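Following: one structure in structure tokens, then a few remarks.
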Protein chains: 2
Amino acid sequence: MPIGRPREFDTETALELATALFWRKGYEGTSLSDLTETLGITRPSLYAAFGNKEALFRRVLERYEAKAGAYRTKALKAPTALEVARQLLEGAAELHGDKANPVGCLGVHGALACSDDAAMIRREMSAHRIAGEAAIRRRLTRAKAEGDLPADASPSDLARYLSVVLYGMAVQSVGGASRAELRRVAAIALRQWPKGAR
Amino acid sequence: MPIGRPREFDTETALELATALFWRKGYEGTSLSDLTETLGITRPSLYAAFGNKEALFRRVLERYEAKAGAYRTKALKAPTALEVARQLLEGAAELHGDKANPVGCLGVHGALACSDDAAMIRREMSAHRIAGEAAIRRRLTRAKAEGDLPADASPSDLARYLSVVLYGMAVQSVGGASRAELRRVAAIALRQWPKGAR
DNA sequence: GGAGTTCTATATCGATAGGTACAATAGTCT
DNA sequence: AGACTATTGTACCTATCGATATAGAACTCC
């Protein structure tokens with residue numbers, strides 16, 4: 001059976017460019033015209049390759065979580081709760097302080113996604129955020145069981161606190177905070193970390 | 001000189017309704033149809049009364065800062081740096097944990113405002129956020145001079161940290177965090193506050 | 001060299017965005 | 001009453017949104 005005309009653009013580089021766009025402007029702030037112009041692709045090509053805007057965004061989200069969010073999964077593997085927290089906070093400082101990256105955060109953008117048309121996207125991103133916080137909470141629960149956190153420490157409260165600081169750093173980076181400034185925020189946020197028995 | 005036909009709606013209640021809309025959906029997520037429908041006003045009436053969408057948003061922003069942001073100005077008047085921080089953090093917990101209020105935060109929404117059309121709004125809100133952080137910094141600088149913060153404390157770093165937690169709490173509230181949960185986040189964020197000499 | 005298949009380009013779809021022209025209406029002034 | 005002024009409702013403007021119909025171009029298979 002015939003194969004058909006080959007695609008004239010590389011989908012991976014297209015996804016990379018789309019990621020940068022969505023990262024900077026959010027889901028609704030990025031129009032199809034933005035996408036086709038930046039990717040150098042016509043509208044029908046984009047639809048043939050990715051389905052529609054929403055499906056493209058999902059693909060982008062995967063890439064984003066795999067790349068930009070890698071520090072999170074890595075941090076959760078750190079040996080101690082303190083180290084987990086430190087890697088999470090400093091990882092966020094590195095990510096959002098990197099001038100090569102767009103400011104902001106896909107997750108936060110999605111959280112506040114604007115109109116009702118994007119309700120589906122908003123719900124989905126909300127689920128992602130909750131899952132991310134839950135992963136931290138589970139890790140801290142384990143840490144507490146291991147005596148790595150004091151007995152009166154609340155893993156869920158600490159996980160929520162970490163999430164709050166992480167998202168706050170993303171917002172702060174939109175205002176142009178430098179990497180060094182974000183690092184100092186991370187250091188302050190870490191100063192109160194409860195000491196474990198180990 | 002004649003006065004003309006009297007306005008059939010109250011601009012204050014209209015602004016109140018518009019505030020709720022913008023608060024929940026952001027600047028770009030709120031359409032003129034949303035506004036006219038919710039306010040019970042026709043399009044030309046809205047334009048005659050407020051100019052255009054952008055001008056209306058500015059009016060709304062004033063109200064928002066005066067009402068929802070009142071806790072901030074009040075907190076800055078607290079006698080000690082610790083009390084300032086405590087009132088800021090707990091005030092945010094009360095505000096964002098109030099089920100009567102829309103989730104999120106006009107300021108954070110504006111920070112991430114979507115498309116390029118809203119660049120003006122975005123810049124303006126960014127300036128507001130920076131001004132807010134600067135106000136905290138000035139207050140903490142005074143606190144340090146008064147011996148209310150240790151000599152090695154950095155007012156600007158602490159102000160940035162407070163801003164980060166404040167914005168993070170707003171984002172967290174979108175995910176449905178309760179007032180009690182936000183209060184505990186505030187408590188954790190406060191635990192590390194540097195002790196002054198006084 | 002077709003046949004079959006998939007991509008590309010033009011041109012366009014209906015829906016909605018923010019914003020207005022215009023005439024009718026409702027009030028205060030002299 | 002009549003002049004003047006501001007608001008109101010209808011109906012419409014242009015621009016852009018996301019998404020497609022259609023036709024031609026480029027490729028592999030037989």
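The values are calculated or read from the model by the stated rules, or taken from the named source; none is laboratory data. Note that the structure is predicted; figures quoted are calculated from it, not measured. As a convention, Cβ positions derive from the backbone with ideal geometry for all residues, glycine included, and neighbour counts pool all protein chains shown. Protein only, heavy atoms only, side chains kept; ligands, DNA and RNA dropped before computing areas. Shrake-Rupley method; radii C 1.70, N 1.55, O 1.52, S 1.80 Å.
Quick one: Karplus J couplings for the range B:73-88, per residue in order, coefficients 6.51, -1.76, 1.60, θ = phi - 60°, nearest Hz, x for Gly and Pro?
In residue order, the calculated couplings are 5, 5, 4, 5, 8, 4, x, 10, 4, 4, 5, 4, 4, 4, 5, 5 Hz.
What shape does the range B:120-198 take by its C-alpha gyration tensor, where a ≥ b ≥ c are the square roots of the eigenvalues and a/c under 1.5 counts as rounded, a/b above b/c as prolate, and the rest as oblate? Please report the intermediate quantities before stating the final value.
Details: a/c = 3.48, a/b = 1.26, b/c = 2.76.
Cα axes put the range B:120-198 in the oblate bin.
Choose one of B:Ser31, B:Phe50, B:Leu21: the residue whose Cα lies farthest towards the positive end of the charge dipole of the range B:1-59 (beta-carbon charges +1 Lys, Arg; -1 Asp, Glu; about the Cα centre).
Going by the Cα projections, it comes out as B:Phe50.
Could you check which residue among B:Ala75, B:Ala118, B:Ala186 shows the biggest mean-square fluctuation in a GNM of chain B with a 10 Å Cα cutoff?
Comparing B:Ala75, B:Ala118, B:Ala186 in the GNM, the peak value goes to B:Ala118.
Taking amide hydrogens as modeled 1.01 Å from N in the peptide plane, which residues meet the under 5 Å criterion relative to B:Thr80, leaving out close sequence neighbours?
Residues meeting the amide H criterion: none.
Place the label 7 angstrom along Cα→C-beta at B:Ala127 and in each other copy, then list the distances from the first to the rest in nm, shortest first.
4.2
What accessible area, summed over both chains, is buried at the B-A interface (1.4 Å probe, Å², nearest 100)? Can you show the working numbers first?
Details: alone 10870 and 10860 Å², together 18360 Å².
Roughly 3400 Å² of accessible surface disappears when B and A pair.
Taking the dipole about the Cα centre of the range A:63-105, with the C-beta of Lys and Arg at +1 and of Asp and Glu at -1, give me whichever of A:Gln87, A:Asn101, A:Ala66 is farthest to the positive side.
Result: A:Ala66, furthest along the dipole toward the positive end.
Test of understanding: what is the full-extension gain from A:Ala180 to A:Arg7, defined as 0.36 nm times their sequence separation minus their Cα-Cα distance? Could you put the intermediate results ahead of the total?
Working: separation 173, 0.36 × 173 = 62.28 nm, distance 4.34 nm.
Result: 57.9 nm gained on full extension.
In debye to the nearest 20, how big a dipole does chain B give about its Cα centre with +1 on each Lys and Arg Cβ and -1 on each Asp and Glu Cβ?
Details: 30 positive and 23 negative charges, 124 e Å.
For this selection, approximately 600 debye.
Rounded, prolate or oblate: which one fits the range B:67-198, using the alpha carbon gyration tensor with axes a ≥ b ≥ c (rounded when a/c is under 1.5, else prolate when a/b beats b/c, else oblate)? Write out the running numbers ahead of the final one.
Numbers: a/c = 2.29, a/b = 1.41, b/c = 1.62.
Oblate is the answer for the range B:67-198, as a/c is 1.5 or above yet b/c matches or exceeds a/b.
So, taking all protein chains as they sit and a 1.4 Å probe, how much accessible area belongs to B:Arg183, in Å² rounded to tens?
Near enough 110 Å² of accessible area.
What is the sum of charges around A:Lys25, taking Lys and Arg as +1, Asp and Glu as -1, for the other residues whose C-beta is under 13 Å from the C-beta of A:Lys25?
Working: positive: A:Arg24, A:Lys53, B:Arg122; negative: A:Glu28, A:Asp34, A:Glu37, B:Glu28, B:Asp116, B:Asp117.
Charge balance in the 13 Å sphere: -3.
What angle, in degrees between 0 and 90 and rounded to the nearest 10, separates the Cα long axis of helix A:53-67 from the longest principal axis of the Cα atoms of chain A?
The angle comes out at about 40 degrees.
When the accessible area of the range B:77-198 is computed with all protein chains present and a 1.4 Å probe, what percentage of it is carbon and sulfur? List each step's numbers first, then the result.
Working: 2660 of 4820 Å².
The computed percentage sits at 55.
B:Gly176 label points, 7 Å along Cα→Cβ, one per copy: pairwise distances from this copy to the rest in nm, shortest first?
3.9
Please give the average number of partner chain Cβ atoms lying within 10 Å of the Cβ of each residue in A:126-136, rounded to a whole number.
Values: counts 3, 1, 0, 4, 2, 0, 0, 3, 0, 0, 0.
What the average comes to for A:126-136 is 1.
Once the Cα atoms of helix A:119-145 and of chain A are each reduced to a long axis, what angle between those two axes, in degrees from 0 to 90 to the nearest 10, is obtained?
30
Provide a whole-number value for the mean count of partner chain Cβ atoms within 10 Å of the Cβ atoms in peptide B:182-189.
Working: counts 2, 1, 6, 8, 2, 2, 13, 7.
Per residue, the number of nearby Cβ atoms from other chains is 5 on average.
Dipole of the range B:1-40, Cα-centred, from +1 at each Lys and Arg C-beta and -1 at each Asp and Glu C-beta, to the nearest 20 debye? Walk me through the numbers before you get to the answer.
Values: 4 positive and 7 negative charges, 14 e Å.
Magnitude of the dipole: close to 60 debye.
When ligands, DNA and RNA are left out and all protein chains stay put, how many square angstrom of accessible area per residue does the protein assembly as shown have with a 1.4 Å probe? Write out the running numbers ahead of the final one.
Working: 18360 Å² over 396 residues.
Here the residues of the protein assembly as shown average 46 Å² of exposed surface.
Sorted from shortest, what are the nm distances separating the label point of A:Gly4 from equivalent points in the other copies, each placed 7 Å from Cα along Cα to C-beta?
6.1
In percent, how large is the relative contact order of the range B:1-156, given Cα pairs closer than 8 Å and 6 or more residues apart? Present the calculation step by step, with values, prior to reporting the outcome.
On the way: 116 pairs, mean separation 36.1, N = 156.
Answer for the range B:1-156 is 23 percent.
Using only the Cα atoms of the protein assembly as shown, what do you get for the radius of gyration and for Dmax, in Å?
22.7, 85
So if I place +1 on the C-beta of Lys and Arg and -1 on the C-beta of Asp and Glu, and nothing else carries charge, what would the dipole magnitude of the protein assembly as shown be about its Cα centre? I want it in debye, nearest 20. Kindly include the intermediate steps, with their values, before the conclusion.
Numbers: 60 positive and 46 negative charges, 239 e Å.
For the protein assembly as shown, the charge dipole is close to 1140 debye.
As a quick test, which of the pairs A:Lys74/A:Lys99; A:Lys74/B:Lys144; A:Lys25/B:Lys99 have an alpha carbon distance above 27 angstrom in this structure? Kindly include the intermediate steps, with their values, before the conclusion.
Values: A:Lys74/A:Lys99 22 Å; A:Lys74/B:Lys144 38 Å; A:Lys25/B:Lys99 29 Å.
Pairs exceeding 27 Å: A:Lys74/B:Lys144; A:Lys25/B:Lys99.
Quick one: grab the alpha carbon gyration tensor of the range B:1-89, order the square roots of its eigenvalues as a ≥ b ≥ c, and give me rounded if a/c is under 1.5, else prolate or oblate depending on whether a/b is larger than b/c. Present the calculation step by step, with values, prior to reporting the outcome.
On the way: a/c = 3.65, a/b = 2.11, b/c = 1.73.
Cα axes put the range B:1-89 in the prolate bin.
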